[in-house]
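Peer 1: Mind looking over this structure? Questions follow.
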Amino acid sequence: MQIEDNILRRYDVDSMNLVEAAFVDGPLADAMSAAPSVERRKDVTSEEFVHTYRDRNRPVVLEGFVSHWPAVRNWSFAHLAERCGTVKVVVDSYTSARARETTVAEFVELLRTNVGPGASPVYLQEWLYQASCPDLAEDLPELDIAQYDFRRNLYGDDASVSHQLWLGQQGGITRLHQDSYTVDVMHAQIVGTKRWYIMSPDAELRRNADGEPDWSAFRSSPDFELMQFDLRPGDFLFLPAAWYHRIELLTDSIGLGRKALDVKNLQKHMHQRMAELLGLLLNYDEVSRTHPELVPVLMARSRILANRMNIDLSNLRP
Ligand SMILES: O=C(O)CCC(=O)C(=O)O
C-alpha cells in the first residue's frame, strides 16, 4: 500500500496529535503569533469575487457580508434551544473518545455548566441541521456567490445545500485539516468570534533521515504561508479548495459551514472520491487494523454518497 508521507495529509490520530501539539506549544507556536492576516474586504461585487478571489484561489474575509441574515441578528444559544431543543446531536464527534449523543437543549445547558478547572470545551461540529431542524434554514438565506457548486450536477440538489452548523464553547479547537474532495470552504460567522489559521495547499511536513518531523524545512519553505484572521458575527470566509485550516474558538461561537465544488476542480474531486473508495475496498483488512477510527467515517460517507446518487447497491453486474 502506498503511504502518504506528508504528515499534514495523514489523518491518523498520531499524526493529528503531533501537528496539534506543534501549534499549542511546539515548533509552530511562535509562527502563529507572527502570521500575517488574510485580506479583509467590504462591498465586494459578485464579479470581483469571481475574478479576484475564486479564479485566483485567494482566500478572503468578506467583512459584514451576511450581517443582514436573520440568524446573525436574532440567534443565540438559548434561541436555538427554544427552536430545536429536543433534536438529537452528537457532541465532540471529532474526538472519538469523547463523542456522545445529547440534545440541542442539553448541549446549550452544558455550555453553562461545563466550566472550571479540568473542563474540556464542548464542540458540536458539523451539525447537519437541515435534516433535523429544517426551519432554521430560513434564517440562513442562500447566497448568489455560492451557486457555482458543481456537486448538484453530480449528486443531486441535496448535496449542494447540506450545510453544517458549528456550535462550540470558548477554547474549542478544530485541528488542522484540509477538506476532502477539493471543495472550496465558505464559512459564515453567526455568534461569537473564531480565530482561523490557514496554510497553503502545498505545505508539506516530512520526516528527516532520523525519522523526526523536519519542522525547520517545513517552516522555511515558501509553501508554508501560514496566515490568520478572526471571524466575527456577519463575516464570511472564502477559503479555496485544499487550503489547510485550524480553528480556535475565542468565545462561545456559532458558525455556518458550507462547501462548493468549482468545476475547475472536478477532475481532482473525482480522483479523490475514487481513491478513497478503492483505498478502502482494496485494503479493507489493513485499514481496519492500522486506522480503525477511519473505517466508520469512510463507510458513512460512502453510504451517503450512494444514497444521494440513488445507487442500487444490490445491482452489481458481472
Ligand atoms: O469552525 C470550525 O471549527 C471548523 C470549520 C471547518 O473546518 C469548515 O467549515 O470547513
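The values are calculated or read from the model by the stated rules, or taken from the named source; none is laboratory data. What you see is a predicted model; the values in this text were computed from it and never measured. Neighbour counts run over all protein chains shown; Cβ positions are idealised from the backbone, glycine included. The accessibility values were calculated without ligands, DNA or RNA, using every heavy atom of the protein model including side chains. Shrake-Rupley method; radii C 1.70, N 1.55, O 1.52, S 1.80 Å.
Peer 1: A119 is checked against (1) open to solvent by 70 Å² or more (accessible area, probe 1.4 Å); (2) modelled with pLDDT under 95 and fails just one. What number does that condition carry?
Peer 2: With (1) open to solvent by 70 Å² or more (accessible area, probe 1.4 Å); (2) modelled with pLDDT under 95 applied to A119, the lone miss is (1).
Peer 1: Test W166 against the criterion of being open to solvent by 20 Å² or more (accessible area, probe 1.4 Å), at pLDDT 95 or above, within 15 Å of the ligand (Cβ to nearest atom) and not β-branched (V, I, T), and give yes or no.
Peer 2: When the stated conditions are applied, W166 passes them.
Peer 1: What about E39, is it of a type in the set (D, E) and surrounded by 15 or more Cβ atoms within 10 Å (Cβ to Cβ)?
Peer 2: Spelling it out, it is not the case that E39 is of a type in the set (D, E) and surrounded by 15 or more Cβ atoms within 10 Å (Cβ to Cβ).
Peer 1: Hey, another quick one. Determine which member of the set S180, S220 is open to solvent by 10 Å² or more (accessible area, probe 1.4 Å), within 13 Å of the ligand (Cβ to nearest atom) and out of contact with any strand residue (DSSP E or B) (no Cβ under 9 Å at 6 or more places or on another chain).
Peer 2: S180
Peer 1: Same structure, new question: Looking at V66, is it more than 22 Å from I254 (Cα to Cα), open to solvent by less than 70 Å² (accessible area, probe 1.4 Å) and in a loop (DSSP other than H, G, I, E, B)?
Peer 2: For V66, the condition - more than 22 Å from I254 (Cα to Cα), open to solvent by less than 70 Å² (accessible area, probe 1.4 Å) and in a loop (DSSP other than H, G, I, E, B) - is not met.
Peer 1: Do you know which residues across region 197-215 are touching a residue at least 24 places away in the same chain (Cβ under 8 Å) and either open to solvent by less than 50 Å² (accessible area, probe 1.4 Å) or outside any loop (DSSP other than H, G, I, E, B) (or both)?
Peer 2: Y197, I198, M199, S200, P201, A203, L205, R207, P213, W215 - these are the residues of region 197-215 that are touching a residue at least 24 places away in the same chain (Cβ under 8 Å) and either open to solvent by less than 50 Å² (accessible area, probe 1.4 Å) or outside any loop (DSSP other than H, G, I, E, B) (or both).
Peer 1: Now a separate question. Criterion first (in contact with a Gly (Cβ under 8 Å, 6 or more places away or on another chain) and either over 30 Å from D30 (Cα atoms) or more than 16 Å from the ligand (Cβ to nearest atom) (or both)) does R308 satisfy it?
Peer 2: For R308, the condition - in contact with a Gly (Cβ under 8 Å, 6 or more places away or on another chain) and either over 30 Å from D30 (Cα atoms) or more than 16 Å from the ligand (Cβ to nearest atom) (or both) - is met.
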